[in-house]
Amino acid sequence: MQFFGGSEISPSPPAPTATGNNAHMMYVFNRNGVCLLYREWNRPLHTLNPQQDHKLMFGLLFSLKSLTAKMDPTSAEKGNLGVPQLPGQGCSFHSFRTNTYKLSFMESPSGIKIILVTHPRTGDLRESLKYIYNLYVEYVVKNPLYAPGTPIRCELFNTTLDQYVRSIA
Amino acid sequence: MGREVSESCVDSLLIEMVSTYCNRFYANKSELAARRIEAIGYQVGHQLSERYTMERPRFGDHLEAIKFICKDFWSELFKKQIDNLKTNHRGTFVLQDNRFRWLARLSIDQTSENEGASQDPSENKAMQAMSMYLYFPCGIIRGALSNLGIPCAVSADMSNLPACSFVVRIKA
């Protein structure tokens with residue numbers, strides 16, 4: 001069970017290290033597959049147009065979650081392959097790594113999925129993703145001018161996010 | 001003694017209040033919506049000032065009352081004091097808060113860079129939407145002061161967010 005409590009932004013972010021952006025790109029999806037945010041810092045290769053890219057990413061995560069839950073050797077009760085599960089149900093996969101990048105994933109109980117793509121030698125980013133989720137709550141959900149379910153266009157969120165991602169080791 | 005309420009609850013309630021009054025009750029009549037919201041703030045400020053001046057002696061003059069608003073009242077509401085107080089000694093006071101708590105997370109939708117000429121109207125709409133959130137605190141200040149025996153008019157100025165100034169004009 002993951003807890004997302006606390007009114008202050010927690011955990012405190014790690015101290016800033018290198019300059020320049022460490023991450024390639026980031027996606028935020030909501031429960032219905034709407035891409036709320038796509039931010040790109042360092043992506044030399046584009047293979048698909050943005051719509052296809054977002055759809056592919058969402059579909060990939062949906063399938064991966066279903067697959068990892070189905071192949072779980074420890075749990076007795078498993079859903080059928082392809083059946084949508086409630087957020088937090090089943091085993092939660094959190095990252096995969098290739099020789100050129102590492103993709104880290106986090107899903108909140110409300111169905112908000114945060115995906116961060118970084119270089120392959122990045123460590124475990126679960127705490128960082130939780131911090132980013134707290135940033136989302138503070139600057140997007142609590143922004144009086146934001147309508148839930150629409151793409152995020154909040155300056156404060158974007159600047160704080162850029163600043164934080166730059167500081168991830 | 002005192003019961004506590006989560007700050008997120010209050011924030012969400014205020015957001016929803018403004019949104020309901022502007023979009024549902026008085027859609028397209030923003031003046032009326034603003035007046036209703038300010039009236040709600042007036043009632044709240046009235047009652048809050050009653051509560052927070054329970055054990056204090058009466059205030060000597062207008063300046064004392066304004067200083068009470070800036071220090072004790074503001075700390076009870078927002079956990080900080082007013083950062084800057086200016087007056088013209090003729091009944092006008094300007095209370096400046098450098099980081100107003102209820103507007104700290106407000107940020108405008110970024111308009112795309114292609115819309116050069118149409119950026120002004122959409123920015124005005126955004127400014128208007130933002131200004132609706134200031135009627136409630138203005139009402140609170142007006143209600144608090146009128147309960148202390150000082151009728152006044154309060155307006156707000158938010159030209160540089162997140163700092164925000166409240167202009168209090170005491171009625172002669």
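The values are calculated or read from the model by the stated rules, or taken from the named source; none is laboratory data. Since this is a predicted model, take the numbers as computed values, not measurements. FYI the Cβ positions are ideal-geometry reconstructions off the backbone, even for glycines, and counts take in every protein chain you see.
Quick notes
- If you check B:Q43, B:Q96 for being in contact with a Ser or Thr (Cβ under 6 Å, 6 or more places away or on another chain) and in contact (Cβ under 8 Å) with a residue 60 or more places away in the chain, only one passes: B:Q96.
- Of the residues making up segment A:16-56, those that are assigned to a strand (DSSP E or B), at pLDDT 85 or above and touching a helix residue (DSSP H, G or I) at 6+ places or on another chain (Cβ under 6 Å) number 3.
Rundown of residues vs (1) more than 14 Å from every other protein chain (Cβ to nearest Cβ); (2) over 16 Å from B:S146 (Cβ atoms), yes/no style:
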| site | (1), (2) |
| --- | --- |
| B:G2 | yes, yes |
| B:S6 | no, yes |
| B:M54 | yes, yes |
| B:F59 | yes, no |
| B:C70 | yes, yes |
| B:S75 | yes, yes |
| B:K79 | no, yes |
| B:H89 | yes, yes |
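- Verdict on A:E127 being more than 18 Å from B:E16 (Cβ to Cβ) and facing another protein chain (nearest Cβ under 8 Å): no
- Cross-chain or 6+ apart pairs with Cβ under 8 Å, segment A:25-41 first and within 18 Å of A:V141 (Cα to Cα) and touching a residue at least 60 places away in the same chain (Cβ under 8 Å), then of a type in the set (A, V, I, L, M) and in a loop (DSSP other than H, G, I, E, B): A:V28/A:I112; A:V28/A:I152; A:F29/A:I112; A:N30/A:I112; A:R31/A:I112; A:L36/A:I112; A:L36/A:I152; A:L37/A:I152
- The residue list B:L103, B:L145 contains one member that is within 27 Å of B:E7 (Cβ to Cβ), surrounded by 16 or more Cβ atoms within 10 Å (Cβ to Cβ) and modelled with pLDDT under 90, which is B:L103.
- All positions within segment B:27-41 that are within 21 Å of B:G143 (Cβ to Cβ) and either more than 14 Å from chain A (Cβ to nearest Cβ) or of a type in the set (G, A, S) (or both): B:E31, B:L32, B:A33, B:A34, B:R35, B:R36, B:E38, B:A39, B:I40, B:G41
- Among the residues of segment B:46-95, those that are crowded, with 18+ Cβ neighbours inside 10 Å, under 18 Å from B:A172 (Cα atoms) and aliphatic (A, V, I, L, M) comprise B:A65, B:I66.
- Restricting the first member to segment B:10-24 and to residues that are within 11 Å of another protein chain (Cβ to nearest Cβ) and over 11 Å from A:P144 (Cβ atoms), and the second to residues that are of a type in the set (V, I, T) and surrounded by 20 or more Cβ atoms within 10 Å (Cβ to Cβ), no beta-carbon pair is closer than 6 Å while six or more apart or on different chains.
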